[in-house]
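> Pasting in a structure now, in C-alpha cells, and then I'll have a few things to ask.
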Amino acid sequence: MTRWRYAAQTDIGLVRQSNQDALYVDERLAIIADGMGGHAAGEVAAALAIDLVRSTFRTTPSVEGLVDAVQTANRAVVEDARDTPEHFGMGTTVIAVALTTDREGIVAPTLVHVGDSRAYQLRDGALRQLTDDHSVAEEWVRMGRLTPAEAAVHPRRHQLTRGVGVEETIDIDVASLVVHPGDRLLLCSDGLSNELDEDTLARLASAPNGLELAVESLVASAKVAGGRDNISVILVEFDEANVTASPIHRTMTGAPPPAARTSSTPRRRRWVTWRLVAALVALGAVVAAFFGVVHWYAYSTYYLSSDGGVIAIYRGQPHGVLWYPPVKVAATGYLVNELRPGDAAALRSTIPEPSLTSALHYAYYLHNAWTLSQQVATSTSTTTTTSVSSGSTTTGGG
Ligand code: MN
C-alpha cells in the first residue's frame, strides 16, 4: 500500500484583489490550479479544472484515468471560454499528484503537470524540483537561448507556453514518482516559488513539527517576502510507499498509450511464443520510437515568417525535417511592411518560438512595437508624418 498524510492552505496574498488559485486534497489526490483571466474568469477556470480532475479520476484511478482527467478539464475550460464571452482567454495551470493503481494492483504516486505551478520532493531535508516550468523564459533556457540567471529577470518569465483551457490539444507531463516512507511532496503555485528561494523552501517544508505548521510557515514567509501573488501550498508525507510495476515519465498528447503488460507468472510451454511476441513488440516499439522522435523534432517548434507580405506562423523547422515539411498554422493579419526594419530583417530569416501561443504573442508584440514607433515618429516630427507607409511590398522567405 502507499499512504500519505496531508496539509494544505491557499491565501490571497497581499497585493491581488481576488484568489484565482484553487486546491483540493484527500487520501488519493492532491491538486493545485492557478487560474488566469480577467474579471472572475481565472477563478472559474481553476475551479472547473479541479472539479473535473476530481470527478474523472475518482471513476478511473489509474495513470490513464489521471491523464484523461486533465484532458477532460482542458476540454471543459476551452468550451466554457468559447461559449461565455467574459471568459475569453481564461486558462489555468494544473499540478497534481495522485495515488494511481496499476494493472498489477500496485498503488503508487503519479505526477501530472501543465503550466508553472511546481512539485518538489523532500528527503532528509534536501529539496528536488520534479517539474519543468512551461514558461517562455524557462523553455528558452532548455533550448540554450538563455542562461538561468537571464531567465530569472526576463520579461517573459511569467508567460506560459502551456496551460489548461488554452488550446484544444494539450501536452501533459506525466511521471511516476519513487518515494520512500518519510518523504514529503510539496505542491505550490508560483506565488510561493517566486517569493522564496530553494533553501528556504527546503528548510520550511521539511520542518519536523508537523505538516500543518510547515504549511502555515511557508505561506506566512511568502507574504513576508512580498506576497505579490496568490499563494497555494499542499504538503503530503508518505507513511508507506510502493514502487509501480510500470513506471512512466513522458509528455502525453491525446490518449495515453497503454502501459506495457508484464506477466508475473509466465508458463513454460508458452515461453517461445512470449519471447517472439516480446521481440516483435520491442521491434515495433523501436520503429515507433524512431518515427515518434523524428516527428516530434520536426514539429516541436514554431516560427514566424512572411507569407505574401503577411506575418504567418508555421509549425515545424524552417527547412523541414526528412519527409515532414513545415506547416502553416496561422496568418496573423499583420503586414510585413508594417514592421520596424530590424524586425522585418529578423522575420526574413525566420523567428523561432516554442509554442503557438508565444508565437501569436510575439507577432502581436512586433506589430505593436511598429505602431508605437510610428506614434513616436509622428509626435516628435512636425514635418514628416507618414513617410513609412509607402506602397512597397516586402516579401520574405517562407
Ligand atoms: Mn500565480
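> Here are some residues: His134, His158, His154. Which one is over 27 Å from Thr2 (Cα atoms) and crowded, with 21+ Cβ neighbours inside 10 Å? Break it down stepwise before answering.
Values: His158 fails: crowded, with 21+ Cβ neighbours inside 10 Å; His154 fails: crowded, with 21+ Cβ neighbours inside 10 Å.
His134 is the lone residue from the list that is over 27 Å from Thr2 (Cα atoms) and crowded, with 21+ Cβ neighbours inside 10 Å.
> In the range 1-39, what residues are without any contact (Cβ under 8 Å) to a residue 24 or more places away in the chain and more than 22 Å from Ala220 (Cβ to Cβ)? Steps first, answer last, please.
First pass over the range 1-39, keeping only residues without any contact (Cβ under 8 Å) to a residue 24 or more places away in the chain: 17, 26.
The one that is without any contact (Cβ under 8 Å) to a residue 24 or more places away in the chain and more than 22 Å from Ala220 (Cβ to Cβ): Asp26.
> With the condition being of a type in the set (Asp, Glu) and more than 15 Å from the ligand (Cβ to nearest atom), I'd like the strands (runs of 3 or more DSSP E) fully within the range 159-259 carrying at least 3 qualifying residues.
Details: elements: 171-176, 184-188, 231-240, 249-253.
Fully inside the range 159-259 and qualifying: 231-240.
> So if I check each of Val336, Val310, which one is open to solvent by 30 Å² or more (accessible area, probe 1.4 Å), more than 28 Å from Arg142 (Cα to Cα) and modelled with pLDDT of 85 or more?
Numbers: Val336 fails: open to solvent by 30 Å² or more (accessible area, probe 1.4 Å).
Within the list Val336, Val310, the selection yields Val310.
> Further question: Could you tell me which numbered condition Ala45 fails, if it satisfies all but one of (1) more than 15 Å from the ligand (Cβ to nearest atom); (2) buried (at least 17 other Cβ atoms within 10 Å of the Cβ); (3) touching a residue at least 60 places away in the same chain (Cβ under 8 Å); (4) within 16 Å of the chain's Cα centre (by Cα)?
Of (1) more than 15 Å from the ligand (Cβ to nearest atom); (2) buried (at least 17 other Cβ atoms within 10 Å of the Cβ); (3) touching a residue at least 60 places away in the same chain (Cβ under 8 Å); (4) within 16 Å of the chain's Cα centre (by Cα), only one is false for Ala45: (1).
> For the range 98-144, give me the residue count where each residue is away from the ligand (no atom under 16 Å from the Cβ) and out of contact with any helix residue (DSSP H, G or I) (no Cβ under 6 Å at 6 or more places or on another chain).
The total comes to 26.
> Can you name the residue in the range 108-131 that is open to solvent by less than 40 Å² (accessible area, probe 1.4 Å) and of a type in the set (Gly, Ala, Ser) and is also modelled with the lowest pLDDT among such residues?
Ala108
> Among the residues that make up the range 3-23, is at least one of them out of contact with any strand residue (DSSP E or B) (no Cβ under 9 Å at 6 or more places or on another chain) and assigned to a helix (DSSP H, G or I)?
No - not one qualifying residue is present in the range 3-23.
> Also, I was wondering about something else. For the range 12-42: of the residues being surrounded by fewer than 22 Cβ atoms within 10 Å (Cβ to Cβ) and acidic (Asp, Glu), which is nearest to the ligand (Cβ to nearest atom)?
Asp26
> If you don't mind, another one. Restricting to the range 309-326, what's the tally of residues that are closer than 21 Å to Phe290 by Cβ and in contact (Cβ under 8 Å) with a residue 12 or more places away in the chain?
Step one: filter the range 309-326 for residues closer than 21 Å to Phe290 by Cβ, giving 315-317, 319-326.
Still in the running and in contact (Cβ under 8 Å) with a residue 12 or more places away in the chain: 315-317, 320-322, 324, 326.
Count: 8.
Yes or no, residue by residue, for (1) touching a Lys or Arg at 6+ places or on another chain (Cβ under 6 Å); (2) within 26 Å of Asp68 (Cβ to Cβ); (3) not charged (D, E, K, R):
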| residue | (1), (2), (3) |
| --- | --- |
| Arg156 | no, no, no |
| Leu160 | no, yes, yes |
| Val166 | no, yes, yes |
| Ile172 | no, yes, yes |
| Val179 | no, yes, yes |
| Leu186 | no, yes, yes |
| Ser189 | no, yes, yes |
| Ser193 | yes, no, yes |
| Leu196 | no, no, yes |
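The values are calculated or read from the model by the stated rules, or taken from the named source; none is laboratory data. Because the structure is a prediction, the values reported are computed rather than measured. Positions of Cβ are backbone-derived with ideal geometry, glycine not excepted, and every protein chain shown enters the neighbour counts. All accessible areas refer to the heavy atoms of the entire protein, side chains included, with ligands and DNA or RNA removed. Shrake-Rupley method; radii C 1.70, N 1.55, O 1.52, S 1.80 Å.
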